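Undergrad: Supplied in structure tokens, the structure appears directly below.
The values are calculated or read from the model by the stated rules, or taken from the named source; none is laboratory data. Treat the numbers as computed from the prediction; the structure is a model and nothing was measured. FYI the Cβ positions are ideal-geometry reconstructions off the backbone, even for glycines, and counts take in every protein chain you see. Heads up: the accessible areas ignore ligands, DNA and RNA and are worked out on the full protein's heavy atoms, side chains in. Shrake-Rupley method; radii C 1.70, N 1.55, O 1.52, S 1.80 Å.
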Amino acid sequence: MFPFLVYLENEGCAAIPPAIYKSFIIEIIKPSAVCGILHPSPELDELQNHLEHTPSEEVLFHPELMRLLSMQCPVFCKLVASIGCFPLYLLSIFQKMVQVAKAPFQTAPPKSGQTLNEDSSDLSFFPLLPLIRDRGNYKADGERKLEESTQFCRKPTVRHPALIPGIFTLFCVHGVCYGYSVMESAESVNIPFTIMRRRLMEGPQIVFYDNSCKLHSYCLNRDPLFFKSTWFLIDRLHWKNHTACNIGYNADMYPQLHGKNTQVAEQYNARIKKMKHHLPYMTKEHFMKHMELYLWYHSRNIIRKMHCSGV
């Protein structure tokens, strides 16, 4: 930031930065993970290399470079489009942020748990995602109160005094449901973390979730290498509630995601709510079978539509 501060001082704006820089400064100082703005990847490395070897005044007029900038770090792309170049003081900020974004992934990976068999008492149904490892135990699990006290973004939870809080569903972007897990306590980011850690060979490319900011922090504090290539994004419906999160979590900022349905789970949950008058009062066995049948029927219709449309 020092070269940038020197620039502002030379411009006579050390106390109050020009309006053109205000939104940029606000975004980069927000208390969310830097790797939520700059996602470590070969594409980001390629972008950094191009920026370091392209004259600052030519960046804006380099279509392929601007396309890559908009897809990888829209907060920088927006500023470059406003000021018309990519000056050295901005490059120094970019380089430092890339360095900070990569820092959580420099540690050795934790040992994977042993291969597991499906637990008949597990209140989950993932027919194509069997258990492959244990969740693992992490130092951060014993510091949960401290972790929660430093959270900058909070999601209120409300539950029935006697009934289970609900179910957590996992979907692909097309709307096919991979399965569900019954929540035995109020919704927590530990639920999606545990599902992904136990059932996926590696972290998914993208996670759309209404609490992705907190889930991202939770994953970074436990197994960052497993989620090194994962982008955590907030669905369009809930983004307006995340005023403390940087825009790197906003799915609408990335042109490659335009047209993607980020609210599949919310739309499906709205359908499930129509069954709230009878599902909560079923026995465990009847509840599980009823949900399995419903998921199968829903996913079968989605797959048929995909085949008809040639997807």
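Undergrad: Residues in region 239-260: is at least one within 20 Å of PHE168 (Cα to Cα), among the basic types (Lys, Arg) and open to solvent by 50 Å² or more (accessible area, probe 1.4 Å)?
TA: no
Undergrad: Collect the residues in region 18-60 that are β-branched (Val, Ile, Thr), more than 17 Å from PRO87 (Cα to Cα), outside any helix (DSSP H, G or I) and open to solvent by less than 60 Å² (accessible area, probe 1.4 Å), keeping them in residue-number order.
TA: Correct list: ILE37 only.
Here's the yes/no breakdown for (1) at positive phi; (2) among the acidic types (Asp, Glu); (3) in a loop (DSSP other than H, G, I, E, B); (4) crowded, with 19+ Cβ neighbours inside 10 Å:
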| residue | (1), (2), (3), (4) |
| --- | --- |
| GLY179 | yes, no, no, yes |
| VAL182 | no, no, no, no |
| MET196 | no, no, no, yes |
| PRO204 | no, no, yes, no |
| ASP210 | no, yes, yes, yes |
| CYS213 | no, no, no, yes |
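Undergrad: So, one more: Pairs needed: first member in region 261-289, closer than 18 Å to CYS177 by Cα; second member anywhere, aromatic (Phe, Trp, Tyr) and open to solvent by 40 Å² or more (accessible area, probe 1.4 Å); C-beta distance under 7 Å; at least 6 residues apart or different chains.
TA: Short answer, once both residue conditions are applied: THR262/PHE208; MET288/PHE125.
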